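Presented below is the structure to which this report refers.
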Amino acid sequence: MKLLILGATGPTGRHVVDLALRAGDSVTVFVRNPAALGDLADRVTVVTGDATSRHDVSGAMTGQDAVVAALGRGNSLTADDFFTRSSTAVIAAAEEVGISRLVWLSSFGVGHTYQWSSVPQKLIYRTLLRSVYANKEIADERIRSSGLDWTLVYPTRLTHGPEAGTYRADDRLPMKGNPTISRADVAAFMHQAAHGSEWLHRTAVISD
Ligand SMILES: NC(=O)c1ccc[n+]([C@@H]2O[C@H](COP(=O)([O-])OP(=O)(O)OC[C@H]3O[C@@H](n4cnc5c(N)ncnc54)[C@H](OP(=O)(O)O)[C@@H]3O)[C@@H](O)[C@H]2O)c1
């Protein structure tokens, strides 16, 4: 598969790149700063650009079979409209280029999944993550109402742990406490979802 990965320099996106290369995919990464790729740059096609620019994204999308997006704001607690701006650019670029498959990383607790969150999770989502979650909710709705073959991925708190392969994934997943999932497991789920049809037009909640 010809796979375009957005957010490839982030910790989750980097796992997706590694998995895709191991699986024999033809990998294109879309990054702001190619130097951050290190040696990986020799093994993938690198396109430089800004994910909020439809023009930049559509250039990278040409000829791809699917897009996996692991975009984020790093440690920032403000969204600065990043998720609405990048999702708008990605949807418009996909429509322009004629690509339909999109696997998009969001967060558990956004939108309708808030109802299944535990008391400690709700506290964090309503305070620290309020700005990011409000913006993600709008972005995710835009993706759902687009004509794309989308999958939205809603992991709980991310860790840098190894791939365990034992996580739960469902459309509806009630939580207790403050569960986690490793970025490696999230990446494996996203990569697998991009290769199949099981999670088409579904929001996947994933957690240990
Ligand atoms: N932390 C958690 O516990 C948690 C839980 C659930 C969900 N999530 C979500 O999971 C996602 C990924 O998180 P993460 O920690 O793996 O990654 P991250 O550190 O947020 O990295 C995000 C990636 O997006 C890229 N990016 C940001 N702005 C860009 C722009 N304008 N144009 C192009 N690329 C851009 C970054 O590139 P640069 O390297 O150039 O900055 C980086 O590759 C985020 O959406 C986050 O909200 C996080």
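Read-outs throughout are calculated quantities, based only on the coordinates presented, and are distinct from any laboratory measurement. Remember, predicted model here, so these are calculated numbers, not experimental data. FYI the Cβ positions are ideal-geometry reconstructions off the backbone, even for glycines, and counts take in every protein chain you see.
Summary table below
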| item | result |
| --- | --- |
| Order of 122, 176 - criterion: other Cβ atoms within 10 Å of each residue's Cβ, fewest first | 176, 122 |
| Angle between the chain longest axis and helix 183-195 axis [Cα atoms, degrees, rounded to 10] | 60 degrees |
| Estimated inter-spin distance, residue 50 and residue 33, nm [label 7 Å along Cα→Cβ] | 1.6 nm |
| Mean residue ellipticity (222 nm) of the chain, computed from DSSP H runs ≥ 4 via -39,500 (n - 2.57), nearest 500 | -10500 deg cm²/dmol |
| Angle between the chain longest axis and helix 82-97 axis [Cα atoms, degrees, rounded to 10] | 40 degrees |
| The range 120-141 and the range 3-24: distance between their alpha carbon centers, rounded to Å | 25 Å |
| Residues in the range 57-85 reached by a label modelled at residue 163 [backbone nitrogen below 17 Å; 7 Å Cα→Cβ] | 68-70 |
| Under 18 Å from the residue 80 label point (7 Å along Cα→beta-carbon), backbone N, the range 106-131 | 129-131 |
| Euclidean distance of C-alpha centroids, the range 165-189 and the range 43-99, integer Å | 24 Å |
| Candidate lysines - alpha carbon under 17 Å from residue 176, same-chain residues fewer than 8 apart omitted | 122 |
| Where the Cα pairs of the chain fall when distances are cut into 5 Å bins, in % | 1, 8, 17, 21, 23, 17, 9, 4, 1, 0 |
| Cα-centre dipole for the range 2-207 with unit charges at Cβ (Lys and Arg positive, Asp and Glu negative), debye to 20 | 660 debye |
| Peptide ranges 149-158, 47-56 listed from the most packed, as the mean C-beta count within 10 angstrom indicates | 149-158, 47-56 |
| Peptide ranges 60-68, 190-198, 32-40, 7-15 listed from the most packed, as the mean C-beta count within 10 angstrom indicates | 7-15, 60-68, 190-198, 32-40 |
